[in-house]
Amino acid sequence: FGLRVMMVDYRLPPESPLTHAYEDFLSVFRALGIPKKIVFFGHGSGGNVALSTLMRLRSLGTYMPAATVLVSPTLDLTRAFPPQKKEEGEDPSLSLDDIDRQAAMALGQLGEKKNEGGTEEE
């Protein structure tokens with residue numbers, strides 16, 4: 001197919017704020033400069049970064065990638081949206097514990113525990 005693949009090594013929580021990941025991803029996309037040949041792919045929290053970058057590009061009114069693929073994206077870090085309250089095991093690649101761990105890292109709250117409603121427990 002003659003395709004090239006690039007993986008963005010963006011800064012990650014908890015060492016850096018989540019906004020740094022968005023900035024890094026956006027910088028790489030702009031540096032490539034050929035949107036009709038670019039496809040974003042994101043899995044788990046990478047899906048969050050890819051979608052957030054798309055939303056930022058749209059708000060800036062700039063060019064967009066040709067396509068985007070999101071696999072089990074971690075979009076609702078609070079797990080307040082009803083589909084994320086389904087039974088464990090419904091998503092073969094991302095567990096509810098994974099979502100909670102990613103949320104804790106993104107929000108800088110490693111070590112704090114969340115209850116069923118997504119609120120913090122003491």
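One table, with the values for the structure above:
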quantity	calculated
Sole residue being modelled with pLDDT under 85, part of a helix (DSSP H, G or I), touching an Asp or Glu at 6+ places or on another chain (Cβ under 7 Å) and surrounded by 13 or more Cβ atoms within 10 Å (Cβ to Cβ), chosen from 84, 102	84
Scope region 63-75; condition of a type outside the set (Ser, Thr, Tyr) and surrounded by 15 or more Cβ atoms within 10 Å (Cβ to Cβ); matching residues	64, 65, 70, 73
Which numbered condition residue 9 fails, given (1) of a type in the set (D, E, K, R); (2) within 21 Å of residue 101 (Cα to Cα); (3) open to solvent by less than 70 Å² (accessible area, probe 1.4 Å)	(3)
Region 26-79, residues that are modelled with pLDDT under 85 and of a type outside the set (Val, Ile, Thr)	33, 35, 36, 37, 44, 45, 72, 73, 75, 76, 77, 79
Residue that is farthest from residue 97 (Cα to Cα), among those in region 14-62 that are in contact with a Leu (Cβ under 8 Å, 6 or more places away or on another chain), open to solvent by less than 50 Å² (accessible area, probe 1.4 Å) and not in a helix (DSSP H, G or I)	38
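The values are calculated or read from the model by the stated rules, or taken from the named source; none is laboratory data. Just so it is clear, the model here is predicted, and its values are computed rather than measured. Note that we place each Cβ from the backbone using ideal geometry, even for glycine, and neighbour counts take in every protein chain shown. Note: accessible area is taken over every heavy atom of the protein model, side chains too, but ligands, DNA and RNA are not part of it. Shrake-Rupley method; radii C 1.70, N 1.55, O 1.52, S 1.80 Å.
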